[in-house]
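Participant: I have a structure I would like to understand better, so I am pasting it below and will then ask my questions one at a time.
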Amino acid sequence: MKDVTTHRLSYMAQATFWIAVLGILIGFFWLFKDVLAPFLIGFLVAYLLNPFIRKLQAGKISRKAATLGLLSVFFVTVFIVFAVISPIIIREIADFANTLPETLRQLWAQMQPTVNRLQAMAGVSYSSSLADTIEPFIGQATDTSKQVIQGIFSGGMAVINLTLTIFITPVVAYFLMKDWPHITNWIESLMPREHEKELHSLWRQIDRKIAGFIRGQLLVCVVLGVGYAIALTIAGLKYGFVIGLLSGLLSIIPFVGSAFGFITAIIMAWVQAGEISYVVIIAAIFLIGQFLEGNFISPKLVGNSVGMHPLWVLFSVMAGGAVLGILGMLIAVPVAATIGVLSAFFIQKYRKSNFYETKGDSGSKSKGKAKPKKKSKKA
């Protein structure tokens, strides 16, 4: 009896310890959430490029040289891409903010005949009150958009934070990539020896899911962004390049990218042309893109590496956004994948525990499996 009690106490002590560790980590991240961006981005870059470092090491290249060379190529490529694309994005966003009042007025002018017909059918008339309500909204939306853009491009703290992120991220990524084996060995040395095999198995499952998501989903975002930008530009949609590119890049956050791109493009197409046929063309671009992404691109690049229910993904994205904003939305799916693996592990443990299989159950099982009587040998 004493051994059973001690055994249970040890389990409770371990559970209390790990819950306390988890609470400390959550508190730490919450306390320093404003400065986490360069460290998390640096970690993601190191995690993304680490397999390539191992391949270079297999070719008799030192880890330090491989890290320095690969990081240089990576960040130079990113810099060139942003140097080419960012002026176009900034110009189109600024132009969009300046033309937003006229765009909203055109949208209302095109909607008003339909609204009037619906009101006539219903026997009511709210046109004047609707116009009075929408006009202040147009002015408010314009002022807000201009303030946001000015804050992004001229805000002192925003510029400082962006500058710090740009310069600190490569440093963080370099040291993490260079010392990755030492870091992983140190973490493994802290694992309880009694549960070492189980923890290794859990880590492999988490690593497989997160790595598949990060490396696969990033490629999906790039393919979608470039594809949408080219298709919408060829279709002649105003601001099509930036809408398509942002739609693809925001696809790193499930559901957000496709919803943003589709709704924005449909509104712009209707305001620009005022014809259903053109709206159908723009909608078809996104529908074809979603079909290709769901049936060919994602299965090929991501596969079933994450394998989570869409509702769980949606909840994790919303919860991440509520806690850490944009940064929380970006890390929501990897965190949700980790929680999913841990939940499956603990459910499996629970089903093997005495809490799940009670004494009554075990007794009924033993009664159900009565030994057959031996036949007596007749002389």
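The values are calculated or read from the model by the stated rules, or taken from the named source; none is laboratory data. None of the values given here were measured: they were computed from a predicted structure. Backbone-built Cβ (ideal geometry, glycine too); neighbour counts: all protein chains shown.
Participant: Does Leu324 fit the bill of being in contact (Cβ under 8 Å) with a residue 40 or more places away in the chain, surrounded by 14 or more Cβ atoms within 10 Å (Cβ to Cβ) and under 26 Å from Val35 (Cα atoms)?
Facilitator: Details: in contact (Cβ under 8 Å) with a residue 40 or more places away in the chain: yes; surrounded by 14 or more Cβ atoms within 10 Å (Cβ to Cβ): yes; under 26 Å from Val35 (Cα atoms): yes.
Yes: the conditions hold for Leu324.
Participant: Condition check: without any contact (Cβ under 8 Å) to a residue 60 or more places away in the chain and of a type in the set (Phe, Trp, Tyr). Does Phe262 satisfy that?
Facilitator: Yes, satisfied.
Participant: Any idea which residue in region 224-238 is nearest to Glu92 (Cα to Cα), counting only those that are buried (at least 21 other Cβ atoms within 10 Å of the Cβ) and in contact (Cβ under 8 Å) with a residue 40 or more places away in the chain?
Facilitator: If we filter region 224-238 for residues that are buried (at least 21 other Cβ atoms within 10 Å of the Cβ), which is where we start, we get 224-225, 228-229, 232, 237.
Then keep just the ones that are in contact (Cβ under 8 Å) with a residue 40 or more places away in the chain; that gives 224, 228, 232, 237.
Numbers: Leu224: 19, Tyr228: 16, Leu232: 14, Leu237: 12 Å.
Only one residue fits best here, namely Leu237.
Participant: Residue check: is Leu342 assigned to a helix (DSSP H, G or I) and at pLDDT below 80?
Facilitator: It is false that Leu342 is assigned to a helix (DSSP H, G or I) and at pLDDT below 80.
Participant: Here's something else I'd like to know. Is it the case, given these coordinates, that Leu232 is part of a helix (DSSP H, G or I) and among the aliphatic types (A, V, I, L, M)?
Facilitator: yes
Participant: Follow-up question, since we're still on this one. Since Asp207 meets every condition but one in (1) surrounded by fewer than 20 Cβ atoms within 10 Å (Cβ to Cβ); (2) over 18 Å from the mean Cα position of the chain (by Cα), which condition does it not meet?
Facilitator: Failing condition for Asp207: (2).
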